[in-house]
Amino acid sequence: MSNTSDARRGEEQQPAVRRVTVIGTGLIGTSVALALRSRDVDVTLSDPDDACLRLACDLGAGRPLPKTTGLPSPPADLAVIAAPPAVVPAVLHEAQQRGLAHVYTDVASVKASVLAEAERLGCDMATFVPGHPMGGREKQGPGAARADLFLGRSWALCPTDKADPQAVAVVAETARMCGADPLLLEARAHDRAVALVSHAPHVASSAVAARLLHGDETALALAGQGVRDVTRVAGGDPAMWTEILTHNAAPVAEVLHAMAADLARTADALSRVARTADDRTREPVCDLLERGRSGHDRIPGKHGTVSRPDYTVIPVVIPDKPGSLGRLFAAASEAGVNIEDVRIEHTPGLPLGVAQVYVLPAAVDTLARALAADGWSVHPGV
């Protein structure tokens, strides 16, 4: 159970998912609901916070689940529990006792502790398929939800050996309906993986951002896109992330200790550089930077490929006005050039910025000429 093809094995006849109940209308729950509503799924919503529930309903994510203790008629095909890890097992147990659905899943970012507590509570593990969509934002609440949040993302499924194969198929199909790619793996392997690619990086981002508290106004005025990129996820909810980290404490601690060792070696080397002109003292610094670049290159790119083509970046000056980015994309489309990626760097104090447009090398000249003819300030080769 280690790759996407496993999730698809035996699912030639994909199950129909027509009715879904989402319990929890925060960012992830509402995004799941919006994605399913875009596929004409009948979605009912539940949340202990009435304000969040009303907003999610007003956004078109679904309709309120009746607050009754009796059995719904009929049960939903699937219930998605979008709640913090600490409360998922209790919510699951209550939902199963009510008979809300035929199949149940969750979206918490840790799995082993959730599974252990669910089994301790006596939950029906045949109908429970723990899940974790690898999509999110640093913003929270239903107002930040997006129907395309999971588009092209992995969606981890961590069923136990007690799980009914049909239940696994239902959750995998739901992930695909949200635009994601289901990936089957064991719960502890999942927790080790997210410690490396999500949880520890969040702590590292927060550590960098915390240093900014000691910066003066001059330093902050010099903040560019680099520090914004590194610290973006540090804007997440501290209470939520404290719970996530403590539920995955051992794997995260292991990664952080390794990071700390790298940083300590680099700091010691830089201290020696400050005291001596011996070039050999720079070796640990170069080593970390080289390993960092190699690690970055391993991150899957477009379409999930690890070996990515070498895109060429074309800087284009873009006005900070409504519709500017749309006009840029339209001009590229008319030239028959696909924009593979785009980054925008705003110019402080000026009503413009620079769009870094990524294209295949063969398309550079075509796009540069087309944009220049359309009146854009284009700077290839910069």
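Which residue is farthest from the chain's Cα centre (by Cα), if the candidates are limited to the range 219-278 and must be in a helix (DSSP H, G or I) and of a type in the set (Ser, Thr, Tyr)?
From the range 219-278, those in a helix (DSSP H, G or I) are 219-221, 225-235, 238-247, 249-275; that's our starting set.
From what is left, the residues that are of a type in the set (Ser, Thr, Tyr) are 231, 242, 246, 266, 271.
Details: THR231: 15, THR242: 18, THR246: 19, THR266: 30, SER271: 37 Å.
Filtering first and then ranking leaves SER271.
Considering each of ALA33, ALA16 in turn, give the residue that is in contact with a strand residue (DSSP E or B) (Cβ under 9 Å, 6 or more places away or on another chain), among the small types (Gly, Ala, Ser) and buried (at least 20 other Cβ atoms within 10 Å of the Cβ). Let's see the steps before the verdict.
Numbers: ALA16 fails: buried (at least 20 other Cβ atoms within 10 Å of the Cβ).
So the residue among ALA33, ALA16 that is in contact with a strand residue (DSSP E or B) (Cβ under 9 Å, 6 or more places away or on another chain), among the small types (Gly, Ala, Ser) and buried (at least 20 other Cβ atoms within 10 Å of the Cβ) is ALA33.
Would you check which residues across the range 177-223 are loosely packed, with under 14 Cβ neighbours inside 10 Å and among the polar types (S, T, N, Q) and list them?
Listed by number, the list holds a single entry, THR218.
Kindly check whether there is at least one residue in the range 57-73 that is over 23 Å from the mean Cα position of the chain (by Cα) and assigned to a helix (DSSP H, G or I).
yes
Mind counting the residues in the range 323-355 that are modelled with pLDDT under 90, touching an Asp or Glu at 6+ places or on another chain (Cβ under 9 Å) and either surrounded by 17 or more Cβ atoms within 10 Å (Cβ to Cβ) or outside any strand (DSSP E or B) (or both)?
Selection size over the range 323-355: 6.
Looking at the range 65-87 only, could you name the residues that are within 14 Å of THR44 (Cα to Cα) and modelled with pLDDT of 85 or more?
LEU65, PRO66, PRO74, PRO75, ALA76, ASP77, LEU78, ALA79, VAL80, ILE81, ALA82
Cβ-Cβ under 7 Å, sequence separation 6+ or interchain: first residue in the range 222-251 and at positive phi, partner at pLDDT 90 or above. Which pairs?
Matching pairs, first to second residue: none at all.
Among the residues of the range 325-346, is there at least one that is under 26 Å from ALA221 (Cα atoms) and either polar (S, T, N, Q) or in the same structural domain as GLN225 (by TED's automatic domain parsing) (or both)?
No - not one qualifying residue is present in the range 325-346.
Taking the condition crowded, with 18+ Cβ neighbours inside 10 Å, touching a residue at least 24 places away in the same chain (Cβ under 8 Å) and not aromatic (Phe, Trp, Tyr), does LYS162 pass?
no
Which residues, taken from the range 103-138, are over 25 Å from the mean Cα position of the chain (by Cα), more than 22 Å from ALA250 (Cα to Cα) and of a type outside the set (Gly, Ala, Ser)?
LEU121, CYS123, ASP124, MET125, THR127
Find the residue count for the range 222-237, including only residues that are over 12 Å from GLU138 (Cβ atoms) and at pLDDT 90 or above.
The qualifying residues number 2.
With respect to VAL359, determine if the residue is modelled with pLDDT of 85 or more and touching an Asp or Glu at 6+ places or on another chain (Cβ under 8 Å).
On the way: modelled with pLDDT of 85 or more: yes; touching an Asp or Glu at 6+ places or on another chain (Cβ under 8 Å): yes.
For VAL359, the condition - modelled with pLDDT of 85 or more and touching an Asp or Glu at 6+ places or on another chain (Cβ under 8 Å) - is met.
With (1) of a type in the set (Gly, Ala, Ser); (2) in contact with a strand residue (DSSP E or B) (Cβ under 9 Å, 6 or more places away or on another chain); (3) more than 23 Å from LEU157 (Cβ to Cβ) as the list, and GLY60 as the residue in question, which single condition is left unmet?
(2)
With the condition kept exactly as written, say whether any residue in the range 155-176 is over 21 Å from GLY24 (Cβ atoms), in a strand (DSSP E or B) and outside the structural domain of MET259 (by TED's automatic domain parsing).
No: the range 155-176 contains no residue that is over 21 Å from GLY24 (Cβ atoms), in a strand (DSSP E or B) and outside the structural domain of MET259 (by TED's automatic domain parsing).
The values are calculated or read from the model by the stated rules, or taken from the named source; none is laboratory data. Here the structure is a predicted model, which means the values were calculated and not measured. Positions of Cβ are generated from backbone atoms using ideal geometry, with glycine treated the same way; all protein chains shown enter the neighbour counts.
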